[in-house]
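Asker: Pasting in a structure now, in structure tokens, and then I'll have a few things to ask.
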Amino acid sequence: MTTTIDPSEVAKFEAMAAEWWDPNGKFKPLHQMNPCRLDYITTQIAMEFDRDLTAARPFQGLRILDIGCGGGLLAEPMARLGATVMGADAAERNIPVARIHAEQSGLEIDYRHTTAEALAEAGEQFDVVLNMEVVEHVASPPAYLRACHDLLRPGGLMICSTLNRNPKSFAMAIVGAEWVMRWLPKGTHDWKKFITPDELFDLLRGAGLDPVDRKGMVFNPLGWSWSLSARDLSVNYVTASLRR
């Protein structure tokens, strides 16, 4: 079976596995970004599947895959919103962390140590695939996105976020986040693997997906907060695409 897993990338996140749910630990940036990511994800899912976010369990009946789920920071909110959730990660040590936290939270989530390719080969299909901050860590983005396409039912929705590749993203994501703020261990990101929004749209189309939206996720150092932007996609950004 082919795989797009990059072992050196997996090893980086395995080393940090136990810290996933520490809001002041190595994943502090993700905890801070999570409300912004969830705002985009829930809005896109509600629009595409005509769901009322004010309802008690608006995603009831939807099957959602969080690929590269880490410790479950996105999988758990999706389960609380009523979805049937699978979380998959190539870093084996992340899975027990995610399982234990879900049990402590009273949530049923199907966590698996596996890959997008293995799930696609097994014939798994989902209404929604969450593909957040993963594509810049794989060995072959085109092959990986083709596997993600195969995991979607026809008309299914994929939310994919990554990092733009330009001097500003190098300054913010590498120099700022890794070297100065020490939010992440040095070497967590490889700037050469960052993908511009136009490149990602081309990759999505090449994988048989139809891009329908993109927004920037912008960090405000004054308010120490994240927000969505229709214009500023210069560093972090998120996209929505549909399986044709």
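The values are calculated or read from the model by the stated rules, or taken from the named source; none is laboratory data. The model shown is predicted, which means the values in this text are computed figures rather than measured ones. Ideal geometry is used to build each Cβ from the backbone, glycine not excepted, and the neighbour counts take in all protein chains shown. Accessible surface is based on the protein model in full, side chains and every heavy atom, while ligands, DNA and RNA are left aside. Shrake-Rupley method; radii C 1.70, N 1.55, O 1.52, S 1.80 Å.
Asker: Can you tell me which residue within the stretch 191-215, out of those that are within 25 Å of Arg153 (Cβ to Cβ) and of a type in the set (Asp, Glu), is surrounded by the fewest Cβ atoms within 10 Å (Cβ to Cβ)?
Answerer: Initial filter on the stretch 191-215 (within 25 Å of Arg153 (Cβ to Cβ)): 200-215.
After this cut, where a residue has to be of a type in the set (Asp, Glu) as well, the list is 202, 210, 213.
On the way: Asp202: 14, Asp210: 12, Asp213: 16.
In this case the residue turns out to be Asp210.
Asker: Also: Return the total of residues in the stretch 185-244 being assigned to a strand (DSSP E or B) and at pLDDT 95 or above.
Answerer: Here is the first cut: in the stretch 185-244, the ones assigned to a strand (DSSP E or B) are 209-220, 225-229, 236-243.
With the extra rule that they be at pLDDT 95 or above, the set shrinks to 209-218, 227-229, 237-243.
Number satisfying all stated conditions: 20.
Asker: Among (1) part of a helix (DSSP H, G or I); (2) open to solvent by less than 70 Å² (accessible area, probe 1.4 Å), there is one condition Met47 misses while meeting the rest; what is its number?
Answerer: (2) is the only condition that Met47 fails.
Asker: Among the residues of the stretch 80-103, write down those that are of a type in the set (Gly, Ala, Ser), buried (at least 24 other Cβ atoms within 10 Å of the Cβ) and out of contact with any Lys or Arg (no Cβ under 8 Å at 6 or more places or on another chain).
Answerer: Result: Ala90, Ala98.
Asker: For the stretch 23-48, enumerate the residues that are hydrophobic (A, V, I, L, M, F, W, C) and within 21 Å of Leu62 (Cα to Cα).
Answerer: Residues of the stretch 23-48 that are hydrophobic (A, V, I, L, M, F, W, C), as a first pass: 27, 30, 33, 36, 38, 41, 45-47.
Leu38, Ile41, Ile45, Ala46, Met47 - these are the residues of the stretch 23-48 that are hydrophobic (A, V, I, L, M, F, W, C) and within 21 Å of Leu62 (Cα to Cα).
Asker: Can you find a residue that is open to solvent by less than 50 Å² (accessible area, probe 1.4 Å), in a helix (DSSP H, G or I) and modelled with pLDDT of 95 or more anywhere in the stretch 153-164? Break it down into steps so the answer makes sense when it comes.
Answerer: First pass over the stretch 153-164, keeping only residues open to solvent by less than 50 Å² (accessible area, probe 1.4 Å): 155-164.
Still in the list and also in a helix (DSSP H, G or I): none.
So far as the stretch 153-164 goes, no, none of its residues is open to solvent by less than 50 Å² (accessible area, probe 1.4 Å), in a helix (DSSP H, G or I) and modelled with pLDDT of 95 or more.
Asker: Which pairs do you get when a residue that is β-branched (Val, Ile, Thr), found in the stretch 140-160, comes within reach of a residue that is in a helix (DSSP H, G or I), reach meaning Cβ atoms under 9 angstrom, with the pair 6+ apart or on two chains?
Answerer: Taking only residues 6 or more apart or on different chains, the pairs are Ile159/Arg37; Ile159/Tyr40; Ile159/Ile41; Ile159/Gln44; Ile159/Ile45.
Asker: Oh, and also: Kindly list, by first and then second residue, each pair from a residue in the stretch 95-115 that is more than 17 Å from Arg80 (Cβ to Cβ) and part of a loop (DSSP other than H, G, I, E, B) to a residue that is at pLDDT below 95 and of a type in the set (A, V, I, L, M), limited to pairs with Cβ atoms under 8 Å and residues at least 6 apart or on different chains.
Answerer: So the pair list comes out as Thr114/Ala90; Thr115/Ile5; Thr115/Ala90.
Asker: Among the residues of the stretch 102-111, are any among the hydroxyl-bearing types (Ser, Thr, Tyr) and modelled with pLDDT of 95 or more? Explain how you work it out, then say what you get.
Answerer: Looking only at the stretch 102-111, we keep the residues that are among the hydroxyl-bearing types (Ser, Thr, Tyr), and these are 105, 111.
Now narrow it down to the ones that are modelled with pLDDT of 95 or more: 111.
Yes, because at least one residue in the stretch 102-111 is among the hydroxyl-bearing types (Ser, Thr, Tyr) and modelled with pLDDT of 95 or more.
Asker: Looking at the stretch 104-139, which of its residues are over 17 Å from the mean Cα position of the chain (by Cα) and either among the hydrophobic types (A, V, I, L, M, F, W, C) or open to solvent by less than 30 Å² (accessible area, probe 1.4 Å) (or both)?
Answerer: Leu107, Ala118, Ala120, Ala122, listed by residue number.
Asker: Here are the criteria: (1) touching an Asp or Glu at 6+ places or on another chain (Cβ under 7 Å); (2) surrounded by 16 or more Cβ atoms within 10 Å (Cβ to Cβ). Tell me which single one Ile41 does not satisfy.
Answerer: Unmet for Ile41, out of (1) touching an Asp or Glu at 6+ places or on another chain (Cβ under 7 Å); (2) surrounded by 16 or more Cβ atoms within 10 Å (Cβ to Cβ): (1).
Asker: Can you tell me which residues in the stretch 218-238 are in contact with a Lys or Arg (Cβ under 8 Å, 6 or more places away or on another chain) and aliphatic (A, V, I, L, M)?
Answerer: Leu228, Ala230, Leu233, Val235, Val238
Asker: Here are Glu117, Glu136, Glu124, Glu103: which of them is under 30 Å from Asn220 (Cβ atoms) and of a type in the set (D, E, K, R)? Show your work before the answer.
Answerer: Numbers: Glu117 fails: under 30 Å from Asn220 (Cβ atoms); Glu124 fails: under 30 Å from Asn220 (Cβ atoms); Glu103 fails: under 30 Å from Asn220 (Cβ atoms).
Only one candidate qualifies: Glu136.
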